[in-house]
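Here the structure is laid out as structure tokens; the discussion comes afterwards.
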Amino acid sequence: MLPITFLSDYGYRDEFAGVCHGVIERIAPGATVIDLTHGIPPQDVRAGAFVLRNALPYVPSGVHLAVVDPGVGTVRRALALRCADGRLFVGPDNGLLWPAAERCGGVEAAVDIAESRYRLEPVSATFHGRDVFAPVAAQLALGTPLEQVGTELEPERIRTCELPSASVVPGEVSVHVLAVDRFGNLQLALERSGLEGAGFGPGDQVEVEAPGGNVRATVATTFADVEEREAVVFEDASGMIAVALNGADAAAALGAGADAELTLRAFDR
């Protein structure tokens, strides 16, 4: 039986994630279900998309169930996908699955599961995680072929989700915040090559301009490379560049959240 990973914005207060677990267990008793997180900010499709993408290298290949679905009950499609590396994805067609699918070599086959024979009846207008996505994920874990759980769909019709692009010139980078973790670290839409393209390397001092003020930061490897409460620019565990304060909340100090625009420029001594 294939393992299932499960990501959502359901949170931990209500029963939503637990009910989906129950549906999976009834259909595929004993299936391994790995909860990646249910703490995605409510309705934040892009945050969910990149958490899913970033987690993939560290979880077993199997069925990847993801539900961040502000369009639930509308005409948006419900999807199951098979990627070039064999991984299977289940979730809404709103861009949530796209970055992860791209990391897996692209979509090899897709089906629309809105009318799947395996959905629960009656289908709630607002809880497709329980009634559509979880049952189909469980069937795929059992080995049911993708083509049997829905209606064939051309992969080119799947909605995409792209990273905002950074502007990189010598001595300066303008970039958006992708996500903020629970420690207040700011993950940027920037990889190491972009930082290097601006001419920034280990030990360099940069000025970080943010909506809530500016701070001087050091390009380094980890938090402890700077003094307590000082700023650091580093490559995080997912391979993206991030801004943090050692032992403090950078998002609060800089007044920056997801989608905020930051500028990193060479520090003028």
Scanning the chain, every Cys lacking a C-beta partner under 4.7 angstrom -> Cys20, Cys161
Dimensions of the range 167-266 along principal axes (Cα, Å, largest first)?
30, 27, 25
For the chain, longest principal axis from Cα atoms; helix 16-27 axis from its Cα atoms; angle between them, nearest 10 degrees, is 40
Counting DSSP beta bridges in the chain, what percent are antiparallel, to the nearest 5?
75
If Rh is defined by the Kirkwood formula over all Cα pairs and Rg also comes from Cα, what ratio Rg/Rh do you get for the chain?
1.04
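With only Lys, Arg, Asp and Glu charged, each at its Cβ (+1 for the first two, -1 for the last two), find how big the charge dipole of the chain is about the Cα centre; round to the nearest 20 debye.
In total the dipole reaches around 600 debye.
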Placing each pseudo-label 7 Å from Cα in the direction of the beta carbon, Val59 and Glu156 end up separated by a distance in nanometres of 3.1
Could you work out how much longer the chain between Glu121 and Arg192 gets when fully extended? Use 0.36 nm per residue separation minus the Cα distance between them, nm to one decimal.
20.7 nm
Once both labels are modelled 7 Å past Cα along the beta-carbon direction, what's the Ala237-Glu207 spacing in nm?
3.4
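With +1 assigned to the C-beta of every Lys and Arg and -1 to the C-beta of every Asp and Glu, and no other charges, what is the dipole magnitude of the range 167-266 about the Cα centre in debye, to the nearest 20?
The dipole magnitude comes to about 80 debye.
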Selection of chymotrypsin sites (Phe, Trp or Tyr not before Pro), the range 147-229, meeting DSSP coil and at most 14 other Cβ within 10 Å:
Phe183
GluC sites (Glu not before Pro) in the range 165-269 lying in a DSSP loop, each with at most 13 other Cβ atoms within 10 Å of its Cβ, come to Glu227, Glu228
For the range 93-124 the trypsin sites (Lys or Arg not before Pro) that pass both the DSSP coil test and the at-most-16 other-Cβ-within-10 Å test are Arg117
Quote the FRET efficiency, to the nearest 0.05, computed for Ala224 versus Gln43 with a Förster distance R0 of 45 Å and r equal to the Cβ-Cβ distance.
0.80
For the ranges 251-257, 156-162, 5-11, what's the packing order if you count other beta-carbon atoms within 10 Å of each residue, average per peptide, and put the highest first?
5-11, 251-257, 156-162
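Every read-out reported here was derived from the displayed coordinates using simple, explicitly stated rules and does not represent laboratory data. Quick caveat, the model's predicted, so the values are computed rather than measured. Glycine also receives a Cβ, built like all others from the backbone with ideal geometry; neighbour counts cover every protein chain displayed.
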